1. So what is the relative contact order of the stretch 245-355, in percent, for Cα pairs below 8 Å that sit 6 or more residues apart?
2. Translational diffusion coefficient of the stretch 317-476 at 10 °C, 1.306 mPa s, Stokes-Einstein with Kirkwood Rh over Cα pairs, in µm²/s as a whole number.
3. Which loop-located trypsin sites (Lys or Arg not before Pro) does the stretch 86-175 contain, where loop means any DSSP state but H, G, I, E or B and the Cβ has at most 12 other Cβ atoms within 10 Å?
4. Out of Ala458, Gly194, Leu130, whose Cα points farthest toward the positive end of the dipole of the chain (charges: +1 Lys, Arg; -1 Asp, Glu; placed on Cβ)?
5. Quick check on the stretch 381-420: take the gyration tensor over C-alpha atoms, sort the square-rooted eigenvalues as a ≥ b ≥ c, and tell me if it's rounded (a/c under 1.5), prolate or oblate.
6. From the square roots a ≥ b ≥ c of the eigenvalues of the alpha-carbon gyration tensor of the stretch 441-493, which class results: rounded (a/c under 1.5), prolate (a/b over b/c), or oblate?
7. Which order do the peptides 336-345, 259-268 come out in when sorted by mean C-beta neighbours inside 10 angstrom, highest first?
8. What's the center-to-center distance, using Cα atoms, between the stretch 163-193 and the stretch 433-493 in Å?
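The values are calculated or read from the model by the stated rules, or taken from the named source; none is laboratory data. Predicted model only: the values in this text are computed from it and were never measured. Here Cβ is always computed from backbone atoms with ideal geometry, including for glycine, and neighbour counts include all displayed protein chains. Areas reflect the complete protein model, heavy atoms only, side chains present, ligands, DNA and RNA absent. Shrake-Rupley method; radii C 1.70, N 1.55, O 1.52, S 1.80 Å.
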Amino acid sequence: MKIKVQNIPVDKIKCDLLVVNLFEGIKDPGGATGVIDKKLKGAIAGLIKAGEITGKLCETNIVHTQGRLPATQVVVVGLGKAAEFDFDRARKVAAAALAEAKKIKAKIVATIIHGAGAGGLKLPEAAQVLVEGSIIGSYHYDGYATVKDERFFQVNELIVVEIAKSKIKEILEGYRVGHIVAESVNRARDLVNGPANKVTPSYLATEAKKVEGVKTTVLSLAQAKKLGMEAYYSVSKGSKEPAKFIIMQYGKGKPEIALVGKGITFDSGGVSIKPSRKMWEMKTDMSGAAAVLETMRAISRLKVRKNVVGILPCTENMPDGQAQKPGDVVGSLVGKTIEIISTDAEGRMVLADGIGYARKILKVKKIIDVATLTGACVSALGDAASGVMGNNQELLDKLVEAGQRSGEKLWQLPLLEEYKDYSKSEIADMKNCTETGKAGTAIGGLFLQMFTGDTSWAHLDIAGTAYLDKGRGYLSGGATGVMVRTLTEYLRS
Ligand code: BES
Ligand code: ZN
Ligand code: ZN
């Protein structure tokens, strides 16, 4: 879908569908909606009076223009109550309007910007979230089906219309940010939705190398061995797919901040094999790496003035005669030894060396890791909020705020002192997991904390939020691209 901004009155734009809006409770439409209503001889006001159009959030009503406007049809989308309007409602409304366009197979859609007046949003931000909601909301994974049905219908063009010439510059500013961020979100979703026989560690390395403005290096297994990253490469021992430790550097100077993304392209559990029900979903276990890769692309396109390194420890986790076994002990880049209790707790193993690399080799001062780490996080928070933990409250607060602005909920969980004992091992510095079944997400976080030292660190557990069984709001079912928006927003601010 192409998107453009045009300086033109709403009643002059030629399109298949024109999107106008209405706050709940408004009886007499004003602004652009009022202009259109007059051209339609009060048809919208009439439907409001009849109780058919109420302005409830995301409600859509089609009105045929019968030649009274260059637009063939008009859709009135509800904005909900003006006092409750915010960024995320603006995204939802934009997506609802495009869903309607898809339903009536409109190829060219024109829209006004929602909520910049009575909704209280600043114009550039209102334009940004409009574009985000439109692009993220009309995502559909192309996949490998050879016959394309109507689900594949795509709107060709979205025209954002604005009558005031003086506002165009600000709109273009927001449009640019929204466009870049949303494209990265959808690309991350493509990577996660992609099957594990296609999206391999090598594939991710190739994609990472294609990101412009970012210097990407890929460590081979031999190089990882030389650096002592045994926690990482031992996970790959049961797999025939070559492991790739990907390092993406953005900015001229020494990196200030590292984003570390779990890149398990398929998690079978290894020898501690998972039950087969829904095992296919473990192709999404590289969602952290996908989020980091696409955040790197977004900040490069946005020319963010920070030096950032993305670290993607990528491998499959498979059972095999050569695979690591429960009871094995492995070393790590920072020198700590780990007793493997479950080969299925592999995410923390690869992250331990990802974090170690950021801290010891690159001497980074701030680390944020993103991972589909624990099933316990899915039990605790479900699929509507990601878990966040760490050792620096200011950093955690900033991430939560960036999430709020981005429409991604982050919920802090405590790294309680009391649970540290659970990771004690009789024969190594620590165990990779416990068999208590309690506080699994925090125990995963506490394990990672043993590798961060005093470095400021935040851990984002996206096990529940990376993939939706069923669509919700502007996110369709499947991969969500979660954390691309939050991380980009955090790095931009
Ligand atoms: N990749 C899984 C976590 C996961 C579960 C992600 C569900 C998405 C949805 C992770 O590697 C894992 O298997 N974790 C174990 C840890 C346990 C062995 C301590 C888990 O959560 O059961
Ligand atoms: Zn696992
Ligand atoms: Zn995993």
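1. Working: 221 pairs, mean separation 42.5, N = 111.
Over the stretch 245-355, the number comes to 38 percent.
2. Values: Rh = 16.4 Å.
It diffuses with D of about 97 µm²/s by this estimate.
3. Values: sites: Arg89, Arg91, Lys92, Lys102, Lys103, Lys105, Lys107, Lys122, Lys148, Arg151, Lys165, Lys167, Lys169; in loops: Lys105, Lys107, Lys122, Lys148.
Qualifying residues, ordered by number: Lys105, Lys122, Lys148.
4. Selected residue: Leu130.
5. On the way: a/c = 4.89, a/b = 1.48, b/c = 3.30.
Here the stretch 381-420 falls in the oblate category.
6. Oblate.
7. Working: 336-345: 21.1, 259-268: 29.6.
Those peptides, ordered most packed to least, come out 259-268, 336-345.
8. Centre-to-centre (Cα) distance: 24 Å.
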